[in-house]
1. With the structure loaded, tell me whether L287 is aliphatic (A, V, I, L, M), in a helix (DSSP H, G or I) and within 22 Å of V148 (Cβ to Cβ) or whether it fails that test.
2. When the residues of segment 191-235 are filtered to those that are of a type in the set (A, V, I, L, M) and touching a Ser or Thr at 6+ places or on another chain (Cβ under 7 Å), which remaining residue is farthest from A138 (Cα to Cα)?
3. Filter segment 83-125 down to residues that are without any contact (Cβ under 8 Å) to a residue 24 or more places away in the chain and in a strand (DSSP E or B) and give me whichever is farthest from the chain's Cα centre (by Cα).
4. Give the number of residues within segment 209-232 that are farther than 25 Å from Q394 by Cα, assigned to a loop (DSSP other than H, G, I, E, B) and open to solvent by less than 80 Å² (accessible area, probe 1.4 Å).
5. So which pairs qualify, if the first residue must be in segment 162-173 and without any contact (Cβ under 8 Å) to a residue 40 or more places away in the chain, the second must be of a type in the set (K, R) and in a helix (DSSP H, G or I), the Cβ gap must be under 9 Å, and the two must be at least 6 apart or on different chains?
6. Could you tell me which of the residues N136, N146, N156, N128 is of a type in the set (S, T, N, Q), touching a residue at least 60 places away in the same chain (Cβ under 8 Å) and either open to solvent by less than 40 Å² (accessible area, probe 1.4 Å) or out of contact with any Leu (no Cβ under 6 Å at 6 or more places or on another chain) (or both)?
7. So S54 fits all but one of (1) of a type in the set (S, T, N, Q); (2) under 19 Å from the mean Cα position of the chain (by Cα); (3) closer than 23 Å to R275 by Cα; what number is the exception?
8. S77 passes all but one of (1) open to solvent by 50 Å² or more (accessible area, probe 1.4 Å); (2) in contact (Cβ under 8 Å) with a residue 60 or more places away in the chain; which number fails?
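The values are calculated or read from the model by the stated rules, or taken from the named source; none is laboratory data. The structure displayed is predicted, hence computed values, not measured ones. Reconstructed Cβ throughout: ideal geometry from the backbone, glycine too, with neighbour counts over all protein chains shown. Ligands, DNA and RNA are stripped out before the accessible areas are found, and what is left, the full protein with its side chains, is counted by its heavy atoms. Shrake-Rupley method; radii C 1.70, N 1.55, O 1.52, S 1.80 Å.
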Amino acid sequence: MIPIIPAANLNTINQPAPITGSQTISGLKNSPPLCLYIHIPWCVKKCPYCDFNSHESRAEIPEKRYVQALISDLEQSVPRVYGRKIRSVFFGGGTPSLFSAESINAILEAVNMLTPLEFDAEVTLEANPGTVDTANFAGYKQAGVNRVSLGIQSFNRDYLQSLGRIHDDKQAIQAAELALATFDRVNFDVMYGLPNQSLSDALQDAQQAIALNPDHLSFYHLTLEPNTAFYRTPPSLPSDDNSAEMQEKIEQLLAENGYQHYETSAFCKPKSQARHNINYWSFGDYLGIGAGAHSKLSYHDKITRETRHKHPKAFMGNAEAGNAVDNTLLIPQADLGFEFMMNALRLTEGFNADLFQERTGLPLITIAKRLKTAEEKGLITRDAQRIKPTLLGQRFLNDLLAIFLE
């Protein structure tokens, strides 16, 4: 089995072309839904598998300055999304739970002042089990956070140590129980295919997660990403066949316990899909603020991507000077089919056929030959209403996506 492209890397496979005045797409009739991503780049310790834009907090974190830089970034971004309602907010990292509830509150107050939030907007904060306590969670909830995503990764002490996590098995359980007692909506991130992991240990992690009964679970296969310690010095990982068996058995166990498999790595109780993630996979728009954050913004005649300055110091300095955005690029018309499919085919139920034109401005016929190839290979099924990956297509998602890259 070919490893599935990690969600975090989806927008870095193809770099869009620089904007020129003559490059346009067919035209979008309506703006897609819009979400807000807020990046907090610091961690207590950099994990050896992590390729996110995160930085160890070796000195005191300039929390107040960074909060003001985020607000400046948002102020500068408002004209590009003016009048559009935000359906979800996601604090990612790094470790957002390193920031105080007062800082999260200040950021959300600015968001509410500067942009129209939907009445029932989903507001998620990522948290590390080693950095939270009762007061933290209570403060985050009071600030407006209504969903927490806990980076559990494993409930096994030995595997946590091999992953370089700062929490142990007891802290994982304590943080999970605290989150569930505080918030109605909680996600656990759990990994499998860990160094020297057995099938029984992988299933034990899944059983523990199920026993705690969150409304949402994310199960990710550990992958060795470039520019990480694990990539430079690879640990001993389970074989592809063993990892595939872990994936299959975990999915079966989750289904037996009422979790719907709605996206490549995401499982939820009925009506508990992550609204923020669904927007990504449906090729919706997102405004990303903070160090190294990415945005995808659609206009009538083009779809663009923005990137912020990656290093926290560079980001803060440029945001304060009114230059938070480092680069703005146009997604070329020729790449839109792949860009859309790279996201939408992660959804196990696929997508409505009309959504392709709604989100790209292009008629579905522009990818008709590639759809036919994918169907002939047994990787998708389709009719006039819907296009969805088969189980084979889900298992070999990279092979399926490659058809739309040719």
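1. Working: aliphatic (A, V, I, L, M): yes; in a helix (DSSP H, G or I): no; within 22 Å of V148 (Cβ to Cβ): yes.
So L287 does not fit the description; no.
2. Quick first cut of segment 191-235, residues of a type in the set (A, V, I, L, M) only: 191, 194, 199, 202-203, 206, 209-212, 217, 222, 224, 229.
Subsequent filtering for residues that are touching a Ser or Thr at 6+ places or on another chain (Cβ under 7 Å) retains 191, 194.
Details: M191: 27, L194: 33 Å.
Restricting to residues being of a type in the set (A, V, I, L, M) and touching a Ser or Thr at 6+ places or on another chain (Cβ under 7 Å), the top hit is L194.
3. Per the stated criteria, the residue is F119.
4. Of segment 209-232, the ones farther than 25 Å from Q394 by Cα are 211-213, 227-232.
This time we only want the ones that are assigned to a loop (DSSP other than H, G, I, E, B), so: 213, 227-228.
Narrowing further to those that are open to solvent by less than 80 Å² (accessible area, probe 1.4 Å): 228.
Of the residues in that region, 1 qualify.
5. The qualifying pairs are D168/R157; D169/R157; K170/R157.
6. When all the criteria are applied, what remains is N128.
7. (3)
8. Condition not satisfied by S77: (1).
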